[in-house]
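The values are calculated or read from the model by the stated rules, or taken from the named source; none is laboratory data. Since this is a predicted model, take the numbers as computed values, not measurements. Quick reminder, even Gly has a Cβ in these numbers, built from the backbone with ideal geometry, and neighbours come from all protein chains shown. Keep in mind that these areas ignore ligands, DNA and RNA; they rest on the heavy atoms of the full protein, side chains included. Shrake-Rupley method; radii C 1.70, N 1.55, O 1.52, S 1.80 Å.
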Amino acid sequence: MSSTTYDVTTWTIPGSATTAETDIGAVINSIIADIKAQQSSQQSKPGAVISIPPGDYALKTRVVIDVSYLRIQGAGHGFTSSSIRYNAGDTTNWHEIWPGGSRIRVENTDGAAEAILIHRDGDPRLSSIELADFCLDGVSFMPDENSYRNGKIGIRSTTATDSMRISGLGLVYLERGIVVVDADALQITNNMLCECGSCVELVGSGQASMVNDNLIGAGPWGFSIFAEHHFGLIVAGNNIFPRGASSIHLKDAANNVISANRLHSFFSGMITMEGACDRNLVSANHFLRNPESFPVFQDVPHPQDDLFGLVHVRGSGNTVVSNHFSFEVSSVSVQPAGATPTLVLVASGTHNYIATNHHAADVPVHAVVLDSSTIDTKVLDCGTAAEFAAFPGATFGFRPTP
Amino acid sequence: MSSTTYDVTTWTIPGSATTAETDIGAVINSIIADIKAQQSSQQSKPGAVISIPPGDYALKTRVVIDVSYLRIQGAGHGFTSSSIRYNAGDTTNWHEIWPGGSRIRVENTDGAAEAILIHRDGDPRLSSIELADFCLDGVSFMPDENSYRNGKIGIRSTTATDSMRISGLGLVYLERGIVVVDADALQITNNMLCECGSCVELVGSGQASMVNDNLIGAGPWGFSIFAEHHFGLIVAGNNIFPRGASSIHLKDAANNVISANRLHSFFSGMITMEGACDRNLVSANHFLRNPESFPVFQDVPHPQDDLFGLVHVRGSGNTVVSNHFSFEVSSVSVQPAGATPTLVLVASGTHNYIATNHHAADVPVHAVVLDSSTIDTKVLDCGTAAEFAAFPGATFGFRPTP
Amino acid sequence: MSSTTYDVTTWTIPGSATTAETDIGAVINSIIADIKAQQSSQQSKPGAVISIPPGDYALKTRVVIDVSYLRIQGAGHGFTSSSIRYNAGDTTNWHEIWPGGSRIRVENTDGAAEAILIHRDGDPRLSSIELADFCLDGVSFMPDENSYRNGKIGIRSTTATDSMRISGLGLVYLERGIVVVDADALQITNNMLCECGSCVELVGSGQASMVNDNLIGAGPWGFSIFAEHHFGLIVAGNNIFPRGASSIHLKDAANNVISANRLHSFFSGMITMEGACDRNLVSANHFLRNPESFPVFQDVPHPQDDLFGLVHVRGSGNTVVSNHFSFEVSSVSVQPAGATPTLVLVASGTHNYIATNHHAADVPVHAVVLDSSTIDTKVLDCGTAAEFAAFPGATFGFRPTP
């Protein structure tokens, strides 16, 4: 085996009886210490790959990644629905009850919230960290397994990174799945990120990143995908399930693209723009809003009412074109009662463009609503005149679907 | 090597001389039996990874996967065109004549049709099975290598699954490539699925699945991608070649999305909706219909004539926007003779929306045709008035391209 | 270890002291010779996998791949920004200064330009070569590290290939990253291809290929993605950064699709069609054009002026719909001075269709301009009448945004 190839099941922490089964975090930290010892010259620090074979591993100590070019690689994303299991009643006859694959149970005893922390001060930014094909399992939500709360974070970076790649992971029952600050050229693809409070949070700032081809679904109080002050983000080809409070949430984010996704939610605000979100494109996406079907969550208060918009535009110069909206909610469930639900709300800004979106709805809806503060919005071929509403003061160009 | 890591070339079936070369199916089944013996506690069943190094392996016995979290992983999709080879005449001087990589020759002698069967009764559903980076080769089509018929199935599940992942495979010369019943959160990505009778069939029902970024092409009597009673499927980023009877076929399927694909076919019905297909989105796709160029298949009867529509809409509330259609067929080849070919046929339903599609055609075409039964279709900016046809009784809004 | 599984760090070249560290090219060529010796029968040539663990490897001798089904696989794409580093001044306190992962330093002493050459005469075409998860580093640009010139090519094929797959690579500081002739069913996905003169060049001809989900950015004199005489190419889900002379460049290419990408450039010509480019689709993409922010490149002459169009259409029957354009250039920077910048220029051809594109611009722009030679272009809902310009002789249908 190459000196840059490690296996958590064969690594021995010097002077310790800890194993990957008892604390994979301590084992990985010991490996990282070895990498740093082996690669002490600035001239050659190629990093290493740490393999995690399929198995059940406890993580008691947070992993701290402070070297570039580290790949941690499992051999199975191992997702199964813990939500179904915990709410299934008697499971004594079930074949299995836990997630699997290269499964890391996040059970920190070190006081840290994170399973994996990525952090390094100084220059350059950490580059090309790769996390692939393993499972981070938060195991349990307090107190009833349905809260989406346990304080656990799967992966968190707290200093800027370049060209990080997160792929093939399975995340389940974490309060926060992935939290990345100041990302540049981050790639999050082909992951299964479900039954976490929030799934992907790109915080602080970011640029030129990619969240493509994932299966994602957060809890009703969290974000499936959140991006703050991000510029040049692409979100494409994802299948975003319920039950996130939003599906994609942009905050003060400009020049991003959301194309060719499938979004399904139990709430309005499926795409929420918060603050000043300018010049973003939302195109060729399918939106389905219908009611929660899982009894245990049917009483969850909606984070926003049906006037908020399935797409909530706040900012200027945004483009919302060629999308489909299915609104499958009976009139008695609409909030506030008696309201006409809104599909696209332009809540602020100038020069937004909403065109060629089609909808199918169980109740009369407003395809587009313009706040009174909005200026020069264009609304084209999105429905009839009766399906369009502009508050007094709004200026716009409108063409009804013939 | 970890106890959860197996290699088909080093595994010995107790009391048997069978090897991976002589029957990889028997070897994998023996490994699965070992996994079950090793992981007998409901509390910990993380599964395993079975590696298939590059090599030529016969499969005489069907693999039966009845454990979750099993990854079977090769090191090469190994596709080559058997169709070209079989029709090439003398190949004695060819460098190689067969597919390769981690190549499994599907040569069942056990009476089963499948190379790999996924089946388990009881709870929970099988989860997180991963099949990656190997080749399933059906070797031959009867009787002349061009029938796309040999009764062989690559991968078939007959009970519901959750979060299965199929990636990086090469499938060739199977009558049916992948047949999955009742899929939930299935991911089929980055595969090379060609020269199979049918490639991907999602049958029974399904939800929240993904077929993205594949290279796919079925035979003239089969499906490239078929989805039945599926809800929340995304089909994005695929390159779908000929010569399937259809490129994407939905049956009684609602709320799915087909975006950002490239489709090429020798027949109409490139996207076919059968039964009641409601509230689906078809956006940002490129369609090319031209004639079969490979002499051996030029006499294949067309599965449907040119009035069927390149996109055949049957159902309500569907959205077909921002697509491009190239129709490169000479007038003498149009079927029925003398007909004006149809690009989008709305065959049934209410409230469908067809807008902002452009076409380039070698003959006069109807960009959109409405059946007499259709109600309230919208047809906007898809061509001239002469390129639009509505049978008596149809109701619609129409705006010609200026 | 299987006989088809090789590791560059353990392979010994017969009679030579050369190692992977001193010349990984010679080592891989020796392995390929062994594969050919081991697999001499036409009946069974499954190929092999060659692993490259993380490490720093010099390549002095060009790798020549002339066998099908070869996978060369690393364990880390290893990108870091050499451009930032070389222009950073004193880096003595930096943690590391070079790319990493499975890093191959391209330092040919054999007179060849390529790190990896793919070439075989005779039949069939080379099939299913897979290159994954390693780094090709050109190390240095002459003379000042900012020229994007060093004569080095990462991967080049000079004979036709089928079903090649290039994924997960990191390419940096090569004059040309990937150059593939006559590709069929080529898949280039999930790569990090940056700081190369040109990144992806599909030359000669090609069909049915895919460039999806990559992070790409070329130098100011090169191509991020170039495709010549290509037919049936899909370019989807990519994040294409500056600073390429173009982002996507088609030459004499028909029936291709560019959907759901994010494109950012410092120049016009982001999508350039050269020669006769017919019946292509450009849909659901986000375009951002703004000024170069990195001081060292701010004086680079623009390859074309702002009248060239962010999208430059040359050919017939093309469709440009549902895109967003952000033009964030101050009036003093517009070239030629005083000009009104063009977003979409239809430079030639008949029957092109430009619809439902929206823009946000810092200066007055022409959303669409038609050359006098153009015939029957349709321009719908792309802006006001003042934002549209047609040279005398052009014929068109035009509808301003209401």
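Quick notes on this one:
- Cα-centre dipole for chain A with unit charges at Cβ (Lys and Arg positive, Asp and Glu negative), debye to 20: 540
- Per-atom-type breakdown for the protein assembly as shown gives carbon and sulfur 54% of the accessible area (1.4 Å probe, protein chains only).
- GNM top mover of A:104, A:271, A:84 - chain A, alpha-carbon springs below 10 Å: A:84
- Ranking C:248, C:227, C:286 by Cα position along the charge dipole of the stretch C:173-293, where only Lys, Arg, Asp and Glu carry charges on their C-beta atoms, puts C:286 farthest toward the positive end.
- Placing a pseudo-label 7 Å from each Cα along the Cα-to-Cβ vector at residue C:3 and residue B:84 gives an inter-label distance of 2.9 nm.
- When the protein assembly as shown is reduced to its Cα atoms, the Kirkwood hydrodynamic radius in Å: 29.9
- Our note on the geometry: Cα centres of the stretch B:350-392 and the stretch B:13-66, 54 Å apart.
- Net charge dipole size for the protein assembly as shown [Lys, Arg +1 and Asp, Glu -1 on Cβ; Debye, nearest 20]: 200
- For chain C, averaging the sequence separation of C-alpha pairs within contact (under 8 Å, six or more residues apart) and dividing by the residue count gives a relative contact order of 8 percent.
- For the stretch A:250-319, a crude dipole built from +1 on the beta carbon of Lys and Arg and -1 on the beta carbon of Asp and Glu, taken about the Cα centre, is about 280 debye to the nearest 20.
- Accessible area per residue, Å², the stretch B:162-226 with all protein chains present, probe 1.4 Å: 13
- Considering only Cα atoms, the convex hull volume of the stretch B:312-402 works out to 84 Å³ per residue.
- Copy-to-copy label separations for residue B:159, where each label sits 7 Å from Cα toward Cβ, in nm and ascending: 5.0, 5.0
- Cα convex hull, the stretch B:200-257: 60 Å³ per residue, rounded to a whole number.
- Paired Rg and Dmax values of the stretch A:179-306, which use every Cα atom, in angstrom: 13.5, 41
- Going from the chain on its own to the full set of protein chains, the stretch B:385-402 has these residues losing 50 Å² or more of accessible surface (heavy atoms, 1.4 Å probe, no ligands, DNA or RNA): B:399, B:402.
- Here the spin labels are modelled as points 7 Å beyond Cα on the Cα-Cβ line, and at residue B:94 and residue C:339 they lie 5.3 nm apart.
- In straight-distance terms, cross-link reach from residue A:378 covers every one of the lysines whose alpha-carbon lies under 20 Å from its own, apart from those fewer than eight places away in the same chain; here that gives B:378, C:378.
- The smallest convex shape that holds all Cα atoms of the stretch A:255-388, its convex hull, gives 101 Å³ per residue.
- Using alpha carbons only, the radius of gyration of the stretch C:1-72 set against its Kirkwood radius gives Rg/Rh = 0.96.
- Built amide H within the under 5 Å cut-off of residue A:383, gap 5+: A:401
- Dipole orientation for the protein assembly as shown: of the candidates A:169, C:9, B:207, B:207 has the Cα lying most toward the positive pole (charges on Cβ; Lys, Arg +1; Asp, Glu -1).
- Each copy carries residue B:305; placing its label point 7 Å along the C-beta direction from Cα gives inter-copy distances of 5.7, 5.7 nm, listed from smallest up.
- Taking all protein chains together and a 1.4 Å probe, the residues C:5, C:342 rank C:5, C:342 from largest to smallest accessible area.
- Inter-copy label distances at residue B:400, shortest first and taken from points set 7 Å along Cα to Cβ: 2.3, 2.3 nm.
- Here's the list of lysines a cross-link from residue C:152 could span, going by alpha-carbon distance under 20 Å and ignoring same-chain residues fewer than 8 apart: C:60.
- Across the stretch A:34-169, the relative contact order, built from alpha-carbon pairs under 8 Å that are at least six residues apart, equals 28 percent.
- Positive end of the dipole of the stretch C:249-402 (Cβ unit charges, origin at the Cα centre): among C:302, C:276, C:263, the Cα lying farthest that way belongs to C:276.
- Taking the C-alpha atoms only, the angle from helix C:20-38 to the longest principal axis of chain C is near 80 degrees.
- Cα-based equivalent ellipsoid, the stretch B:284-347: semi-axes from gyration tensor eigenvalues, Å: 23, 14, 11
- Each listed q (0.08 Å⁻¹) maps to a log10 I(q)/I(0) for chain A from the Debye sum over equal C-alpha point scatterers, namely -0.46.
- Quotient of Cα Rg and 2.2 N^0.38 Å for the stretch A:13-135, N being how many residues it contains: 1.22
- Among A:107, A:21, A:201, the residue with the largest mean-square fluctuation in a Gaussian network model of chain A, with springs joining Cα atoms closer than 10 Å, is A:21.
- Taking both sides together, the accessible area buried where B meets C is about 4500 Å² for a 1.4 Å probe.
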